[in-house]
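A.B. asks: What follows is a single structure, and I will ask about it in a moment.
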Amino acid sequence: MSTILIVEDEAAIASFIAKGLESAGFTTETADNGTEGAARATSGAVDLVILDLGLPDIDGFQVLQRVRQAIPTLPVIILTARSSVPDTVAGLESGADDYMPKPFSFEELLARVRLRLRPAASSDAMVLTHGGLSLDVRTRRASVGNREIELTAREFALAEAFLRNPGEVLSRERLLADVWGFDFDPGSNVVEVYVRYLRRKIGAGYFLTVRGQGYRLA
């Protein structure tokens, strides 16, 4: 079970995130200032950090710097009200793995947390390619040839599942578990719906239906 540290000085937001993550099967810790957050993040006892930039003592960039010096591979997702392009670039260049502006969708945050906690996300190449389709796992950008495509967090996670298993038939049950989590309704047609979304955005020829078994990346 992964432990996630939430460094956030607004108690209501910290509690909201913690409750959501715990209901998804994670263990959480919280810190309401940068000094405590940096200490907990570098203790070796957490698997991922959700970090606010606007903290009351030292700011999130300083916390991130301390984390990167101590544990370079620890995933860090910045969550902040600062949504300008310069702040986004500064956060990523400082070593953050992802950046989400407030207000945010918890579903998207959860998808990004799960993505960063996958072993492949830290050990494999950051850019996955197959037949002209390219996914940049770090920046969450997708393209076909020279055409960039906008994908939602869930669409991106589904496309990544296919690209990490090229040519393999993936059952809808496996896709539900990998992309939506085991707690998702197994009777839902959400996999079929999202495969249709990917076919519209990326191309119908990429995602083949294998009757009675699932789907395969062509």
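Readers should treat all values here as calculations from the given coordinates under stated rules, not as data from a laboratory. Every value quoted in this text rests on a predicted model; they were computed, and no experiment measured them. Methodologically, a virtual Cβ is constructed for each residue, glycine included, from the backbone with ideal geometry; neighbour enumeration extends over all protein chains shown.
A.B. asks: Pop out the ³J(HN,Hα) list for segment 208-214 in order, Karplus 6.51 cos²θ - 1.76 cosθ + 1.60 with θ = phi - 60°, rounded to Hz; leave Gly and Pro as x.
C.D. replies: 9, 8, 9, 3, x, 10, x
A.B. asks: For the chain, find the longest principal axis of its Cα atoms and tell me its angle to the long axis of helix 60-70, 0 to 90°, nearest 10.
C.D. replies: Approximately 80 degrees, to the nearest 10.
A.B. asks: Now for a different question. Return the calculated 222 nm mean residue ellipticity for the chain, to the nearest 500 deg cm²/dmol, obtained by summing -39500 (n - 2.57) across DSSP H runs with n ≥ 4 and dividing by the residue count.
C.D. replies: Mean residue ellipticity, 222 nm, calculated: -11500 deg cm²/dmol.
A.B. asks: Calculate how steeply helix 11-23 sits against the longest principal axis of the alpha-carbon atoms of the chain, using the helix alpha-carbon long axis, and give the answer as 0 to 90 degrees to the nearest 10.
C.D. replies: Relative to the chain, helix 11-23 is tipped by roughly 40 degrees.
A.B. asks: Semi-axes of the chain's equivalent ellipsoid from the Cα gyration tensor, sqrt of 5 times each eigenvalue, largest first, rounded to whole Å?
C.D. replies: That gives 33, 19, 15 Å for the three semi-axes.
A.B. asks: Treat each spin label as a single point 7 Å out from the Cα along the C-beta direction, and report the N33 to N189 distance in nm.
C.D. replies: 5.5 nm
A.B. asks: Angle between the Cα long axis of helix 190-202 and the longest principal axis of the chain, 0 to 90 degrees, nearest 10?
C.D. replies: Helix 190-202 sits at roughly 80 degrees to that axis.
A.B. asks: Follow-up. Arrange the peptides 40-51, 7-18 so that the one whose residues have, on average, the most other Cβ atoms within 10 Å appears first.
C.D. replies: Ranked by mean Cβ neighbours within 10 Å, highest first: 40-51, 7-18.
A.B. asks: Still on this structure, I have one more. Between S2 and Y197, what length comes free when the chain is fully extended (0.36 nm per residue of separation minus the Cα-Cα distance, one decimal in nm)?
C.D. replies: Between S2 and Y197, full extension yields 67.1 nm more.
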